[in-house]
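Below is one structure, written out as structure tokens; the observations come after it.
Bear in mind that the values in this text are calculations on the coordinates, not laboratory data. Keep in mind it's a predicted model, so treat the numbers as computed, not measured. Positions of Cβ are backbone-derived with ideal geometry, glycine not excepted, and every protein chain shown enters the neighbour counts.
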Amino acid sequence: MLIRGKVYKFASNINTDVIYPGKYLSITTDREEMAKHCFEAAYPEFLENAKKGDIIVSGKNFGCGSSREQAATCLKYFGIGAVVAESFARIFYRNAINLALPVIIAPGISQKIEHNDTIEINLETGIIKNMRTTEIIKANRLPPFILKIINDGGLIPYLKKKLKNSNIIRRIQ
Amino acid sequence: MTIAEKILAKASGKKAVLPNEIVMAKVDVAMSHENADVVLRSFRDIGIKKVWDNEKIVILFDHRIPAESEKSATTHKRLRAFVKEQNIKYFYDMKEGICHQILPEFGHCRPGEVLVGTDSHTTTHGAFGTFATGIGATEMAGVWATGELWLKVPESIKITVSGTFKNYVSAKDLILHIIGELGSDGANYNAVEFHGETIRNMSIASRMVLSNLSMEMGAKVAFVVPDEKTISYVQKNSDKNLETILPDEDAKYIKEINIDITNLESQVACPHSVDNVKLLKEIAGTKIHQALIGSCTNGRLEDLAIAAKILNGKNIHPEIRLLVIPASRRIYLEAIKNGFIEIFVKAGGLVLNPGCGPCLGAHQGLLAPEEVCVATTNRNFKGRMGSPESFVYLASPATVAASAIRGEISEPC
């Protein structure tokens, strides 16, 4: 899968309270509504300047803090194409995969890409191309198991497929 | 093998596992609070009629209690109906308190088991030797459907602590010190194991502080090596058979850290990150508007006891608010019996119902722009407790109580 988009850049340690403020956690099911509050309190300019299809590039430990899935959901439903970071906090990383929001670990990426650059990511090979400088950056390849969940459209479609013929569903229904 | 490796081997039906291997683990306890509503949406999407095991799922309310909005009231209502529909055996409505206190109190934390929760501070239950970790809502829906979850076997860090705390210095100061040293991603994806005489001498409540806050350095799980204290606590609350899992002598760690706390001083995490840790004396005198004692980190009886000792017969500074939130109903009742609540109210404190309160910025004491709060909670991110222009300092219950009297961040004495 090739993902191409304009870069919206952040620093390191972007936590989930910053991505999705706690006061909106009472929104539990309306995903379009969640998307209206990405970075709202800490970086209000994001909602004005970011566009559908943009790729977030960040430093280390992106998504640290609370396990709130809304942090990944709001980005997914805003239309963010992928998040590339030097490293991720583990729960955000899992949430993003489960929602089929591609997350790519790329050590050294913040030095090689500027805000507003256009990049192209090959999810299978982990190769990232900076279209402005034509520089090639090698990111960590996603394990096949995780790539499969993303390609299936997230954990729920993946599970549906998997459970279709399994014993579990026959036992339950 | 380490504790994490042994438990995951057992949970995935293997003789042995290696760090970084991905395993499918069977889950023993699956906990969700109000965000069970997010789980529920995904669970309905899967299209399965019944949850995998109605005795292994725990649902409770603690984040927005009593409901602060019509939206939350509707969430509570929908979940009560779901609990009935699925006959979920362990449901704790808003009267009981915070999930990370309710789970151990009601016997859901047992050594050697796998416990997942849709809350990042689920690491708290590692204090009982449980492989306890936070997961997202969608994957919890997968657990509700199948009882299984993919987990990467974490590499482990061994932290050995020796020495005796100075007066008024406690587990909170120790873990803030460790986070300050390692950084907010210093244990990212790792299992932490706490060893040593200091840990063995610690109360269960203090051990829970260590496991709870280890999340703030990225830990996936944070074990206290189970001992007699663990077993006696767990047996008091659970009648299930116990299988204590200990690390092997030759277990492999990616890092081993030794800490002597003999000279450890009071610590404070300054805005806006938990690893921005300074010695209390460096920032003493910082004016505050609110002081908060409570949360899944420090709302237990020993925390209220030390705060009561400091506040006994005193009044809080006239220009500040003091909020006290016992972590659970049981703790609240004990605090009443011990006279702590009377001390807080006499001193001018507001005692709130057991729950998460303002820690996550939902309700019950948010901050205005430019306001400063010193809290025993676990996060001080920008805007966490209200205005993005407010400031939260994290400290021990003793420090917060002393600061409430002086109206500025102060050394407890």
Checklist entry - Between region B:325-350 and region A:1-63, what is the C-alpha centre distance in whole Å? => result 40
Item to check | Between region B:121-172 and region B:363-394, the alpha-carbon center distance in angstrom | outcome: 25
Checklist outcome for this item: XL table A:Lys9/A:Lys36; A:Lys51/B:Lys71; B:Lys309/B:Lys346; Cα-Cα > 22 Å flagged, in table order, is A:Lys51/B:Lys71
Checklist entry - Just going by the charge dipole of the protein assembly as shown, with Lys and Arg at +1 and Asp and Glu at -1 on Cβ, which of B:Leu323, A:Phe62, B:Tyr90 is farthest out on the positive end? => result B:Tyr90
Item to check | Point-to-point label distance, A:Glu135-B:Lys49, nm (Cα→Cβ direction, 7 Å offset) | outcome: 5.8
Next on the checklist: For peptide A:67-75, what's the mean number of Cβ atoms from other chains within 10 Å of each residue's Cβ?
Outcome noted: 5
Checklist entry - Taking chain B as a Gaussian network, where each spring joins two C-alpha atoms under 10 Å apart, which residue of B:Phe223, B:Phe344, B:Phe131 fluctuates the most? => result B:Phe344
Checklist entry - Cross-link list B:Lys6/B:Lys240; B:Lys10/B:Lys255; A:Lys76/B:Lys77; B:Lys50/B:Lys240: which exceed 22 angstrom alpha carbon to alpha carbon? => result B:Lys10/B:Lys255; A:Lys76/B:Lys77; B:Lys50/B:Lys240
Checklist outcome for this item: Relative contact order of region B:269-406 (C-alpha contacts under 8 Å, at least 6 apart) in percent is 35
Checklist entry - Counting Lys and Arg as +1 and Asp and Glu as -1, each charge on the Cβ, what is the dipole of region B:269-406 about the Cα centre in debye, to the nearest 20? => result 240
Checklist outcome for this item: Output field shielding_mean for B:130-139 (other chain Cβ, 10 Å radius) holds 6
Item to check | Candidates A:Pro21, A:Pro102, A:Pro44: whichever shows maximal mean-square fluctuation once chain A is modelled as a Gaussian network with Cα springs under 10 Å | outcome: A:Pro44
Item to check | Three-way shape label, region B:3-259, alpha-carbon gyration tensor, a/c 1.5 | outcome: prolate
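Tell me whether region A:2-172 comes out rounded, prolate or oblate; compute the Cα gyration tensor, take square roots of the eigenvalues as a ≥ b ≥ c, and use a/c under 1.5 as the rounded threshold.
The shape class here is oblate.
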Next on the checklist: In whole Hz and in residue order, list the ³J(HN,Hα) couplings for region B:357-374 that follow from phi through the Karplus curve 6.51 cos²θ - 1.76 cosθ + 1.60, θ = phi - 60°; x for Gly and Pro.
Outcome noted: x, x, 3, 9, x, 7, 5, 6, x, 7, 9, 7, x, 6, 7, 10, 10, 10
Item to check | Sequence of B:Val209, B:Val372, B:Val17, B:Val38 once ranked by neighbouring C-beta atoms within 10 Å, starting from the fewest | outcome: B:Val372, B:Val17, B:Val38, B:Val209
Item to check | Rounded Å value of the spacing that divides the Cα centres of region B:214-265 and region B:279-318 | outcome: 27
Checklist entry - Tell me, what HN-Hα J-couplings in whole Hz come from the Karplus equation 6.51 cos²θ - 1.76 cosθ + 1.60 at θ = phi - 60° for each residue of region A:31-48, using x for Gly and Pro? => result 6, 5, 5, 4, 4, 6, 10, 4, 6, 4, 7, 7, 10, x, 5, 4, 5, 7
Checklist entry - Roughly how big is region B:3-259's charge dipole about its Cα centre, with Cβ charges of +1 (Lys, Arg) and -1 (Asp, Glu), in debye to the nearest 20? => result 620
Item to check | Debye, to nearest 20: dipole size of chain A, +1 on Lys, Arg Cβ, -1 on Asp, Glu Cβ | outcome: 900
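Antiparallel versus total DSSP beta bridges in the protein assembly as shown: what percent is that, nearest 5?
Taking every DSSP beta bridge within the protein assembly as shown, about 30 percent pair in antiparallel fashion.
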